[in-house]
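The values are calculated or read from the model by the stated rules, or taken from the named source; none is laboratory data. Everything numeric here is computed off the predicted structure, so don't read it as measured data. Neighbour counts are summed over all protein chains in view; Cβ atoms, including those assigned to glycine, are modelled from backbone coordinates with ideal geometry. In case anyone asks, the SASA skips ligands and DNA or RNA and just uses the protein heavy atoms, side chains included. Shrake-Rupley method; radii C 1.70, N 1.55, O 1.52, S 1.80 Å.
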Amino acid sequence: MKAPRDDPLKDHAWMDTHEAYVNHAQNNEQEILFIGDDHVALLNNTQYYRQWFMPLHCSSFGIIGDKLEDVRWRVENGELDGNPMKMIVLSVGANDTMRSDEFLSSLTALTQIIREKQPDAKLFVMRLLPSGRERNARWKYVEEINERLEGALLETATVVDAPGDLLIEDRLETYMAYDYRHLTDQGYLRVFEPLYMAALDVLDMNDYETSARYSVANGLLPPMVHAAALLELWNYWRQAGGRRWRVENGELDGNPMKMIVLSVGANDTMRSDEFLSSLTALTQIIREKQPDAKLFVMRLLPSGRERNARWKYVEEINERLEGALLETATVVDAPGDLLIEDRLETYMAYDYRHLTDQGYLRVFEPLYMAALDVLDMNDYETSARYSVANGRQFV
């Protein structure tokens, strides 16, 4: 079996996250576990998961970017070695490109290992989800695997179907997958709803009265209430060059804007001087596209639990950022209390890289105040009137 996943950012975030999951598994009595790749990692930070699954003594062990072999390594190295579980949900394949027969063989082997680790757990495997707006080569690959999935896993797992209405007229829309790959809250509700019903069945709460009593006791809403999509985020995996291409190719060519916030660098590894030069060029292009907009640039955030080579890289860029962008943008500081005693904790960044809701509140709060200023709503009364008029709760 291969060694742990490569660490191009040198921040140890992948291994730190794995170790946190192992520690959690050994010190908690979760009855339900989600384990896998991007779809599990992002599920962990949705309102849907927090309201529906967490009260069922549920844990979620996902890491963005993981391939099947990465998840297998994690399974073999402690993430399922804790207390006996009643239900395990495996979601892998979002980042895999191996031949379909090789993928199915590897997936079957992984489910057998999970069975050996947790023999009494009911094991569910999610079908692969399409990516891309319209039918493409990836859809064909996903369909080829999904057609053979049930037969391949007949003796080891139950395959979970994603409801057909994830697609609208054979298209994947942004209110289901904000970047045509990763699900919104509404997309999660469509795809994972069958698992909520399966969980009630595994936990012997499948009659309406028992489920209703449990829901009321835990402050839950009825299971058919649909949550609205929270945000349409720019593709998280794109590097600065990719974002520049998007800016140059139409994403800022609409009506004049009052304020633009640019956040790049989370996935970049180019030399710091090269990064700063590229970033300066990008802000100049944005200025040309939207000359009247107030442009803010976020400082880079640390990744990894403790001080590491990535932190040093981030600090080197952040120290020079204001000087590099003096003529083109305003640099936004991330509040220092994102770090606790010089450590990045999971309640701020759930995988030591991507922010939780609390982390977003800490980092982006200055931008809310800046937005009020740009929109001339920086006095309480004006802001409150605007919030009420637009159906918002004033913060």
**Report entry** Global geometry of the stretch 141-181, whether rounded, prolate or oblate, following the gyration tensor of its Cα atoms and the 1.5 cut on a/c
**Finding:** prolate
Report task. Please find the FRET efficiency linking N83 to T269, where r is the Cβ-Cβ separation and R0 is fixed at 22 Å, and quote it to the nearest 0.05. Result -> 0.05
Report summary line: Once all protein chains are kept in place, R271 shows an accessible area at probe 1.4 Å, nearest 10 Å², of 150
Query - In nm, spacing of pseudo-spin labels at D373 and Y360 (7 Å Cα→C-beta vector) - result: 2.3
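Scan the stretch 102-150 for trypsin sites (Lys or Arg not before Pro) in coil per DSSP, keeping those whose Cβ has at most 16 other Cβ atoms within 10 Å, and list them by number.
Answer in residue order: R133, R135.
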Report summary line: Quick shape check on the stretch 260-330: root eigenvalues a ≥ b ≥ c of the Cα gyration tensor, a/c under 1.5 is rounded, otherwise prolate if a/b tops b/c, else oblate, and it reads prolate
Query - Under-5 Å amide H pairs with D81, H placed in peptide plane, nonlocal only - result: none
Requested in this report: List, in order, the whole-Hz ³J(HN,Hα) value for each residue of the stretch 100-110 obtained from phi through the Karplus relation with A = 6.51, B = -1.76, C = 1.60 and θ = phi - 60°; use x for Gly and Pro.
Outcome: 4, 5, 5, 4, 5, 5, 5, 5, 4, 4, 5
Query raised in the report: Residues with beta-carbon under 11 Å from that of V332, excluding V332: net charge, scoring Lys, Arg +1 and Asp, Glu -1?
Result: -2
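Rounded, prolate or oblate: pick one for the stretch 119-171, where a ≥ b ≥ c are the square roots of the eigenvalues of its C-alpha gyration tensor, a/c under 1.5 means rounded, and failing that, prolate if a/b is larger than b/c, else oblate. Kindly include the intermediate steps, with their values, before the conclusion.
On the way: a/c = 3.28, a/b = 2.05, b/c = 1.60.
Prolate, since a/c reaches 1.5 and a/b exceeds b/c.
Between W245 and R115, take the C-beta separation as r, use R0 = 35 Å, and let me know the FRET efficiency to the nearest 0.05. The partial results should precede the final answer.
Details: r = 45 Å, r/R0 = 1.30.
Approximately 0.15, to the nearest 0.05.
How much net charge surrounds G62 when only the other residues with a Cβ under 14 Å from the Cβ of G62 are counted, with Lys and Arg +1 and Asp and Glu -1?
Numbers: positive: R5, K67, R74, R353; negative: D37, D38, D66, D70, E79, D351.
Every neighbour counted, the sum reads -2.
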Query raised in the report: Using 0.36 nm per residue, how much length does the chain from E322 to E19 gain when fully extended, once their Cα-Cα distance is taken away?
Result: 105.5 nm
**Report entry** For the stretch 83-93, 3J(HN,Hα) per residue [Karplus equation, 6.51 cos²θ - 1.76 cosθ + 1.60, θ = phi - 60°, Hz, x = Gly/Pro]
**Finding:** 5, x, 10, 9, 8, 10, 10, 10, 10, 9, x
Report summary line: The extension gain from E143 to T158, computed as 0.36 nm times the residue separation minus the Cα-Cα distance, is 3.6 nm
Report task. At a temperature of 4 °C and a viscosity of 1.567 mPa s, determine how fast the stretch 9-78 diffuses translationally according to Stokes-Einstein, using the Kirkwood radius over alpha-carbon pairs as Rh; express D in µm²/s, rounded to the nearest whole number. Result -> 103
Query raised in the report: How far apart, in nm, are two points set 7 Å out from the Cα along the Cα-to-Cβ line at T346 and at Y175?
Result: 3.5
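Working out 0.36 nm times the residue gap between L252 and Q51, then minus their Cα-Cα distance, what length gain in nm do you get to one decimal? Please list the in-between numbers first.
Working: separation 201, 0.36 × 201 = 72.36 nm, distance 3.63 nm.
Difference between extended and current length: 68.7 nm.
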